[in-house]
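Structure first, then comments.
The values are calculated or read from the model by the stated rules, or taken from the named source; none is laboratory data. In this text, all values refer to a predicted model and were calculated from it rather than measured experimentally. Glycine gets a Cβ as well: all are built from the backbone with ideal geometry, and neighbour counts include every protein chain shown.
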Amino acid sequence: MKGGTRLLWGYIDTSGNYVIEPKFDDACNFSEGLAAVKTEWWHGYIDRSGNYVIEPRFQYAGSFDGGLARVMDDGKWGYIGRDGAYLIEPLFDKAQDFRDGLAMVAVGSRYGYIDRSGAYVAEPEFDYVGEFHDGLAWVSINGHYGYIDRNGRYAIEPRFEQANDFEDGLAVAVTDGKFGYIDKKGEFVIGPRYLRAGNFRNGVAQVKTEDGRVYIDRKGNVVPEPEEIPVQPDLFRDGVAPCQESDRFGYVDEKGDFVIAPKFYQAEPFCEGFARVRTSKAVRWSYINRSGAIAFKGKFAQATDFAGGIARVLAETDG
C-alpha cells in the first residue's frame, strides 16, 4: 500500500532492537532453530538471521518438532524435514503437530494417529479423538466414547456417552445421562450420579446435583467450597504473577503481596525477565522488566513472550 502503513510481523531482542525487520504477513515462534512465516499467500521457514531456509511455497506451515513440521500443499497435509522435503507424504485432510512422538491426522471425516515414520498407530476410524493425557486419549466412534493407549489399543472400550481427558488418574465419563468419574481401568470410582461434573483441581471438583452445585473430594465426599485463589499457580513465572485489583493489573509475589503496583489495563505473565502489558485499551503493547519499568521504547499492535531471547511483534511499517 504505497504511501500508507501496514502491520507486519518481525522479531526483536531483549533490547527492543529488531533482529529480523517486520516484513511478514504472519510469523510463528522459533522451534528447533526455524520459524514458519507467511509472505502474501505462502508459508516458508526462516532461520534466526531472517534468511529463508525453506522458501515460501506451502498453503500452511506448522512448527518443527523432532525434525518434522506439518505443512499443507494443494489442500492436503504432510510432514517435511528441515530441508523442506517430504518425510511423510501429504495424504491427510487434517493434521496436528507431533506431540511426544504421535500426531493426530484425519482422512476424510475419520481420525487416527500416526508415528514419526508416518505409520498408523491408530487407524483413521474414529469420529474424533482427543489428546493423550496420563498415557490415554479418548476416542469417539459410533456415538460412544472410550480410550486408547499410545499403541493404539483400547485401554477402555467405547461404552460411554461422553468422556473427558484423564487428569491425575481420573476422568469424567457419562452413562445414562449422568456424570461420574472413572479410573484408568474404566471403572467408576465415583458413581454416575451428577447432572454435570468438572475436572479435579487441587483435589477438589465442582459437580451439579438436583439441589445445586457442590464440591467433592476424590472419594466423592461433599466438601466445603475451596477458598478462592486470587492467582493460579501456573501464572507464576520468575517468582511473580499478574493479579487484578479493582480494574487494574499488577504483579504479586508468592505471598500475594504486590511487588509491581496494579496500574495496567492488561498484563501477561513474565517470561525470560520481561512481561507484556498495556496501560489502556487504546494503547499498544509494551514490555516491562522485573522492576515494573518499561524495558525499552516500542509499542506493538501484538506482541508475544520472549523465547530464547527473541520475541515476535506486530508493528506498523511504511507501505
Looking at (1) exposed (fewer than 14 other Cβ atoms within 10 Å of the Cβ); (2) under 23 Å from GLY33 (Cβ atoms); (3) in contact with a strand residue (DSSP E or B) (Cβ under 7 Å, 6 or more places away or on another chain), which is the one condition that is false for GLU89? (2)
Residues in the stretch 221-230: is at least one buried (at least 17 other Cβ atoms within 10 Å of the Cβ) and either part of a strand (DSSP E or B) or at pLDDT 95 or above (or both)? no
Hits in the stretch 254-296 (condition: under 15 Å from GLY10 (Cβ atoms) and not in a strand (DSSP E or B)): ARG284, PHE296
Selection count where residues are loosely packed, with under 15 Cβ neighbours inside 10 Å and either in contact with a Cys (Cβ under 7 Å, 6 or more places away or on another chain) or β-branched (Val, Ile, Thr) (or both), scope the stretch 16-50: 0
So is GLY78 assigned to a loop (DSSP other than H, G, I, E, B) and either among the small types (Gly, Ala, Ser) or within 15 Å of PHE58 (Cα to Cα) (or both) or not? no
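Filter the stretch 205-220 for residues that are surrounded by 12 or more Cβ atoms within 10 Å (Cβ to Cβ) and in a loop (DSSP other than H, G, I, E, B) and give the result. Spell out how you get there, then give the answer.
Step one: list which residues in the stretch 205-220 are surrounded by 12 or more Cβ atoms within 10 Å (Cβ to Cβ), which gives 205-209, 213-218, 220.
Answer for the stretch 205-220, where residues must be surrounded by 12 or more Cβ atoms within 10 Å (Cβ to Cβ) and in a loop (DSSP other than H, G, I, E, B): ASP217, ARG218, GLY220.
Scan ASP217, ASP238 and give me the residue that is touching a Gly at 6+ places or on another chain (Cβ under 9 Å) and in the same structural domain as ALA307 (by TED's automatic domain parsing).
Working: ASP217 fails: in the same structural domain as ALA307 (by TED's automatic domain parsing).
Only one candidate passes the filter, namely ASP238.
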Return the only residue of GLY212, GLY135 being under 30 Å from PRO233 (Cβ atoms), small (Gly, Ala, Ser) and under 27 Å from the mean Cα position of the chain (by Cα). GLY135
Restricting to the stretch 183-229, name every residue that is among the small types (Gly, Ala, Ser) and more than 23 Å from ALA137 (Cα to Cα). GLY212, GLY220
Using the structure shown, decide if TYR128 is assigned by TED's automatic domain parsing to the domain that holds ASP74, aromatic (Phe, Trp, Tyr) and surrounded by 15 or more Cβ atoms within 10 Å (Cβ to Cβ). no
Just name the residue that is farthest from the chain's Cα centre (by Cα) out of those in the stretch 160-192 that are of a type in the set (Val, Ile, Thr) and more than 29 Å from GLU227 (Cβ to Cβ). THR175
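Do we have any residue at all in the stretch 72-94 that's basic (Lys, Arg) and farther than 30 Å from ARG150 by Cβ?
So the first thing to find is which residues in the stretch 72-94 are basic (Lys, Arg), and the list is 76, 82, 94.
Among the residues that remain, those that are also farther than 30 Å from ARG150 by Cβ are: none.
No, the stretch 72-94 contains no residue that is basic (Lys, Arg) and farther than 30 Å from ARG150 by Cβ.
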Of the candidates GLY298, GLY273, the one satisfying the condition of being surrounded by fewer than 19 Cβ atoms within 10 Å (Cβ to Cβ), within 24 Å of ASN17 (Cβ to Cβ) and at pLDDT 95 or above is GLY273
Selection from the stretch 113-131 of residues that are in contact (Cβ under 8 Å) with a residue 24 or more places away in the chain and under 13 Å from ALA163 (Cα atoms): VAL129, GLY130, GLU131
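Confirm whether ARG150 is among the basic types (Lys, Arg), in contact (Cβ under 8 Å) with a residue 40 or more places away in the chain and either assigned to a loop (DSSP other than H, G, I, E, B) or out of contact with any Asp or Glu (no Cβ under 7 Å at 6 or more places or on another chain) (or both).
Values: among the basic types (Lys, Arg): yes; in contact (Cβ under 8 Å) with a residue 40 or more places away in the chain: yes; either assigned to a loop (DSSP other than H, G, I, E, B) or out of contact with any Asp or Glu (no Cβ under 7 Å at 6 or more places or on another chain) (or both): yes.
So ARG150 fits the description; yes.
Filter the stretch 231-258 down to residues that are within 15 Å of ASN289 (Cβ to Cβ) and surrounded by 16 or more Cβ atoms within 10 Å (Cβ to Cβ), then give me how many there are.
So in the stretch 231-258, the residues within 15 Å of ASN289 (Cβ to Cβ) come out as 237-240, 242, 250-251.
Checking the rest, the ones that are also surrounded by 16 or more Cβ atoms within 10 Å (Cβ to Cβ) come to 237, 240, 242, 250-251.
Residues that pass the stated criteria total 5.
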Looking at the structure I just gave you, is LEU195 surrounded by fewer than 21 Cβ atoms within 10 Å (Cβ to Cβ), closer than 16 Å to ILE216 by Cβ and more than 26 Å from the chain's Cα centre (by Cα)? yes
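Scan GLN206, GLN244, GLN266 and give me the residue that is of a type outside the set (D, E, K, R) and outside the structural domain of GLY308 (by TED's automatic domain parsing).
Numbers: GLN244 fails: outside the structural domain of GLY308 (by TED's automatic domain parsing); GLN266 fails: outside the structural domain of GLY308 (by TED's automatic domain parsing).
Going through GLN206, GLN244, GLN266 in turn, just one is of a type outside the set (D, E, K, R) and outside the structural domain of GLY308 (by TED's automatic domain parsing): GLN206.
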